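Heads up, the thing below is written out as structure tokens.
The values are calculated or read from the model by the stated rules, or taken from the named source; none is laboratory data. A quick note: this is a predicted structure, and the numbers were derived from the prediction, not measured. Neighbour counts run over all protein chains shown; Cβ positions are idealised from the backbone, glycine included.
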Amino acid sequence: MSNEQIVFDDIAQKTKTDKLSWSIVGNQYASGLIFQPSAVYRIFKSDYLRDPSDIYEILLVEKKYPDPDWDFAIEKYKVELVFIQNGALVATLDEFSIDFTQLVTLARLIESKSTQARKLFNF
């Protein structure tokens, strides 16, 4: 198992057990650090602690963009995890390092556990 997968699994587990708290931020949040920020349609944010002295701001970034394989008539969906520390981009996990299905599953989990969704659905 890769180190990227280990970190991803840790984030997924901490999200499932409510040890990570996620909230929705504006689409332009950290746009200077996100590749293709014009394709972003939603961003979730949390703080990720590896240990007390190793803290990262983590973003789950959802993007959609026209698909050239379908003459741009259909949109593609992309999910990325972006790690920021002290205002600098540290790493990005996307479908090249984590299975796309796992990324989408995490996005749906985060959506349901975000502070805004909890408030909306009263749980």
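Annotations
- Scanning segment 31-54 for residues that are farther than 20 Å from Q102 by Cα and in contact with a Leu (Cβ under 6 Å, 6 or more places away or on another chain) gives a single hit, L33.
- Within segment 26-63, the set of residues being surrounded by fewer than 16 Cβ atoms within 10 Å (Cβ to Cβ) and among the aliphatic types (A, V, I, L, M) comprises L49, I55.
- Y41, sole failed condition from (1) under 13 Å from F8 (Cα atoms); (2) in a strand (DSSP E or B); (3) out of contact with any Phe, Trp or Tyr (no Cβ under 9 Å at 6 or more places or on another chain): (1)
- Matching entry among V90, V61, V104, V79 (being in contact with a Phe, Trp or Tyr (Cβ under 6 Å, 6 or more places away or on another chain), at pLDDT 85 or above and of a type in the set (A, V, I, L, M, F, W, C)): V90
- All told, V90 meets the bar of being under 15 Å from E4 (Cα atoms), among the aliphatic types (A, V, I, L, M) and more than 13 Å from the chain's Cα centre (by Cα).
- In segment 1-24, the qualifying residues are those that are in contact (Cβ under 8 Å) with a residue 12 or more places away in the chain and either part of a strand (DSSP E or B) or hydrophobic (A, V, I, L, M, F, W, C) (or both), and the one that is surrounded by the most Cβ atoms within 10 Å (Cβ to Cβ) is W22.
- Residue check, E75 acidic (D, E), in contact (Cβ under 8 Å) with a residue 24 or more places away in the chain and out of contact with any helix residue (DSSP H, G or I) (no Cβ under 6 Å at 6 or more places or on another chain): no
- Residues (outside any loop (DSSP other than H, G, I, E, B) and either aliphatic (A, V, I, L, M) or in contact with a Lys or Arg (Cβ under 9 Å, 6 or more places away or on another chain) (or both)) located in segment 98-118: F100, L103, V104, L106, A107, L109, I110, E111, S112, K113, A117
- All positions within segment 74-111 that are on the phi < 0 side of the Ramachandran plot and loosely packed, with under 13 Cβ neighbours inside 10 Å: I74, A88, F96, D99, T101, R108
- Flag for L81 being of a type outside the set (S, T, Y), in contact (Cβ under 8 Å) with a residue 60 or more places away in the chain and in contact with a Lys or Arg (Cβ under 8 Å, 6 or more places away or on another chain): no
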